[in-house]
1. At what distance in nm do the modelled label points of ARG94 and GLN215 sit from each other, each positioned 7 Å from its Cα along Cα→Cβ?
2. For segment 304-322 and segment 159-183, write down the distance between their C-alpha centroids in whole Å.
3. To the nearest 500 deg cm²/dmol, what mean residue ellipticity at 222 nm is calculated for the chain from DSSP H runs of n ≥ 4 alone, each contributing -39,500 (n - 2.57), summed and divided by the residues?
4. Based on the mean of other beta carbon atoms within 10 Å per residue, what is the order of 140-152, 214-226, 297-309, most packed first?
5. GluC sites (Glu not before Pro), restricted to segment 74-160: which are DSSP loop and have at most 11 other Cβ atoms within 10 Å?
6. Hey, which lysines would be in cross-link range of LYS341, C-alpha to C-alpha under 18 Å, not counting anything within fewer than 8 residues on its own chain?
7. Quick check on segment 34-143: take the gyration tensor over C-alpha atoms, sort the square-rooted eigenvalues as a ≥ b ≥ c, and tell me if it's rounded (a/c under 1.5), prolate or oblate.
8. Could you please rank ASP343, ASP229, placing first whichever residue has the fewest other Cβ atoms within 10 Å of its Cβ?
Amino acid sequence: MKLLLKIVLGIVIAIFSLMLIGYGIIKYIDIPPLKLSKDAALDTKTQVLDEWLAELHDRRKFNGSVLIVKNGNIVFDKSYGYADLERTVALTNRSSFNLASVSKQFTAMGVLMLAEKGKIDLAQEISFYLPELDYDNLTVKHLLNHTSGIASYMELANQHWNDQQTFKNSDLLALFDKHQPPLTFQPGEQFEYSNTGYVVLASLIEKVSGQSFEQYMDDNIFKPLNMEDSSVFNLLSSPNKLTNRVFGVEGDQLNDLVYLDGVAGDGAVYSSTLDLLKWSQALDSHQLISQNLLNEAYSQGVLNSGEKTGYGYGWVVSNEHTVEHDGSWVGFNTYLKKDIKNDNVLIVLDSGSNYFSSAHVQRKLSESLSSL
């Protein structure tokens, strides 16, 4: 009986291991530990960090840029690897990465800037602005908080769109208008992370401002903040718009924009570590919106039941003084964390690594902040 149990257990472990390998999870386990002594000098700790990231790059576990701010001072600012498939253009702190879902905080800011000017009411139903979305009680705030229940645009596009054609925000609205997919739950009843919601918010910005989302963000955020390496960028953009653009790579192949990359709002912002530092500093100095509205963005949403969601407006709210967000899209994995109280910032931009290894690197860097 004991032998049988051992055999069964062995089979289960073997099957589970194969499943992990199939999903690529085993790949990231082979990452060296990061050991930073709290008692060591800062130069020693940053040298250890530099050597660790360099080794990860050599093992093809990391290809990107890292910037760390501690108590308001830059303590680490390094890049490892290349911006192109041919490995001829070295990455720098001005290399523009696809931020993926880290873009959502910029979309939220665009909405909040218009709200502060009285052009958008966060409590208003989205159908008031975009009649294609004919849903009762679904407000702008529900979209910001991921509590809308709106259907997945990726599933809708998969069912009703030719993937040989670029899919755009206007196409999303047209499909919703035509097919009227039902809500997955009543607004405010649940938290469900929604890329659709943030594409809709970008369309809301376009409708209210009279500008394309790309132009609005350039004129109202990136240019005023001197974020020279940042813009909304996708298949609809001028291909040479970003001088320092990074291309997504997986292994020895290009893994970059796909047909869904005509949409924006849920992603599509490109930026560098240096520009994201400017962004973080602009938030702290209230250059774009008031402190009260920013506090609201940093506050957890609340369900109809009174339960908090852990998500604000474009930010995961980890605790009362820490907000963060990660992102993952073809060829890119990104992470931005802000400790508002202590003026600590961690920015990790990666291309060319699989999600699991990149997520592990992000976690280890986040854990190491207290030791720097």
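1. So the two model labels end up 2.8 nm from each other.
2. A separation of 30 Å, based on Cα centres.
3. Taking each H run of at least 4 residues, the total per residue is -11000 deg cm²/dmol.
4. Going from most to least packed, we get 140-152, 214-226, 297-309.
5. In loop regions of segment 74-160 (DSSP not H, G, I, E or B), the sparsely surrounded GluC sites (Glu not before Pro) are GLU86.
6. LYS70, LYS278
7. prolate
8. ASP343, ASP229
We did not get these values from a lab; they are worked out from the coordinates using the rules stated. This one's a predicted model, so the numbers in the text were calculated from it and none came from an experiment. With ideal geometry, Cβ positions are generated from the backbone for all residues, glycine too; neighbour counts draw on all protein chains shown.
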